[in-house]
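The values are calculated or read from the model by the stated rules, or taken from the named source; none is laboratory data. Quick caveat: nothing in here was measured; it's all calculated off a predicted structure. Cβ: placed from backbone, ideal geometry, glycine included. Neighbour counts: every protein chain shown. Heavy atoms of the whole protein, side chains included, go into the accessibility calculation; ligands, DNA and RNA do not. Shrake-Rupley method; radii C 1.70, N 1.55, O 1.52, S 1.80 Å.
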Amino acid sequence: MIKIKQAVIVEGKYDKIKLSQIIDAPIIQTDGFGIFKNKELQKMIKTVAEKTGILILTDSDSAGFQIRSFIGSTVDSQYIRHAYIPDIFGKEKRKAEPSKEGKLGVEGVPEKVIIEALEKAGVLCEKVEAPARPITKLDLFEGGFAGGENSASMRLKLLKYFGLPSRLSANSLVKVLNCMTTYDEYCIAVEKIKGENDI
């Protein structure tokens, strides 16, 4: 697994599945053009970008470049790195037909091609700082945000506190929180949310 300090932005769930086998980093999917209307997702990407930086890895077709351009218009360029996969023509295994432009997307190219794209983006040779105390799924459980009777409503309050989309699962929440906040800041948030519940 390749450790990357930036959060990686991809288009869809199959891209995310493919990348999660190669890199150790938070991976955020745009749901294709869904990002254009999803204000919560836009805000989350902007927040994460300002904390850790983002690496955009979209398909090399026109749709991928539209998404890349849109993110570039909503996030300051100093926080963005770009990784590009070359034009490789073919068809993804799970699809009956090739894409409109006939190019393989992130999910369809060999792992070696993705690693080369990451190298060209300059993210593999960067020094990664020693990690601080991470926020874990156990922390969410102990805080009452996962696995409990009222955990769903409590998790919504935590998501709202950090300005995150309400659809984030507990597993995704852990990754995103570790991108955008510290364990100490998380503990402060937990105390505030529990204080509100006690009123």
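Please tell me if LEU164 is closer than 25 Å to GLN29 by Cα and free of Cβ contacts under 8 Å to residues at least 60 places away in the same chain.
Values: closer than 25 Å to GLN29 by Cα: yes; free of Cβ contacts under 8 Å to residues at least 60 places away in the same chain: no.
No, not satisfied.
Considering only the range 20-55, state which residues are of a type in the set (A, V, I, L, M), within 11 Å of the chain's Cα centre (by Cα), farther than 17 Å from GLY72 by Cβ and not in a loop (DSSP other than H, G, I, E, B). Give the steps one after another, and end with the answer.
Quick first cut of the range 20-55, residues of a type in the set (A, V, I, L, M) only: 22-23, 25, 27-28, 35, 41, 44-45, 48-49, 54-55.
Now narrow it down to the ones that are within 11 Å of the chain's Cα centre (by Cα): 25, 27-28, 41, 44-45, 48-49, 54-55.
Going one step further and asking which of them are farther than 17 Å from GLY72 by Cβ, we end up with 25, 27.
Answer for the range 20-55, where residues must be of a type in the set (A, V, I, L, M), within 11 Å of the chain's Cα centre (by Cα), farther than 17 Å from GLY72 by Cβ and not in a loop (DSSP other than H, G, I, E, B): just ILE27.
Wholly within the range 89-199, which helices (runs of 4 or more DSSP H) include no fewer than the required count, namely at least 2 residues that are modelled with pLDDT under 85 and not aromatic (Phe, Trp, Tyr)? Before you say what the answer is, go through the steps one by one.
Details: elements: 111-121, 137-143, 151-161, 170-180, 183-198.
Fully inside the range 89-199 and qualifying: 170-180, 183-198.
Between a first residue in the range 43-68 that is at pLDDT 95 or above and a second residue that is surrounded by fewer than 18 Cβ atoms within 10 Å (Cβ to Cβ) and assigned to a loop (DSSP other than H, G, I, E, B), which pairs have beta carbons less than 6 Å apart while being 6 or more apart in sequence or on different chains?
So the pair list comes out empty.
Looking only at the range 89-124, filter to residues that are within 18 Å of ILE17 (Cα to Cα) and among the small types (Gly, Ala, Ser); which one of those is surrounded by the most Cβ atoms within 10 Å (Cβ to Cβ)? If you could, list the steps in order and put the result at the bottom.
Step one: list which residues in the range 89-124 are within 18 Å of ILE17 (Cα to Cα), which gives 91-95, 104-115, 117-118.
Okay, now just the ones that are also among the small types (Gly, Ala, Ser), so 105, 108, 117.
Values: GLY105: 24, GLY108: 22, ALA117: 20.
That would be GLY105.
All but one of (1) under 19 Å from the mean Cα position of the chain (by Cα); (2) surrounded by 12 or more Cβ atoms within 10 Å (Cβ to Cβ) hold for LYS194; which doesn't?
Just one mismatch for LYS194, condition (1).
Counting only residues that are open to solvent by 40 Å² or more (accessible area, probe 1.4 Å) and acidic (Asp, Glu), which one in the range 1-50 is nearest to PHE162 (Cα to Cα)?
Per the stated criteria, the residue is GLU40.
Any residue in the range 75-100 that is more than 26 Å from GLN6 (Cβ to Cβ) sitting within a Cβ distance under 9 Å of a residue that is open to solvent by less than 90 Å² (accessible area, probe 1.4 Å) and among the β-branched types (Val, Ile, Thr)? List the pairs, counting only those 6 or more apart or interchain.
Between residues of the range 75-100 that are more than 26 Å from GLN6 (Cβ to Cβ) and residues that are open to solvent by less than 90 Å² (accessible area, probe 1.4 Å) and among the β-branched types (Val, Ile, Thr), the close pairs are GLY90/VAL109.
Inspect the range 63-83 for any residue being assigned to a loop (DSSP other than H, G, I, E, B) and either touching a Phe, Trp or Tyr at 6+ places or on another chain (Cβ under 6 Å) or open to solvent by less than 20 Å² (accessible area, probe 1.4 Å) (or both) and give the result as yes or no.
yes
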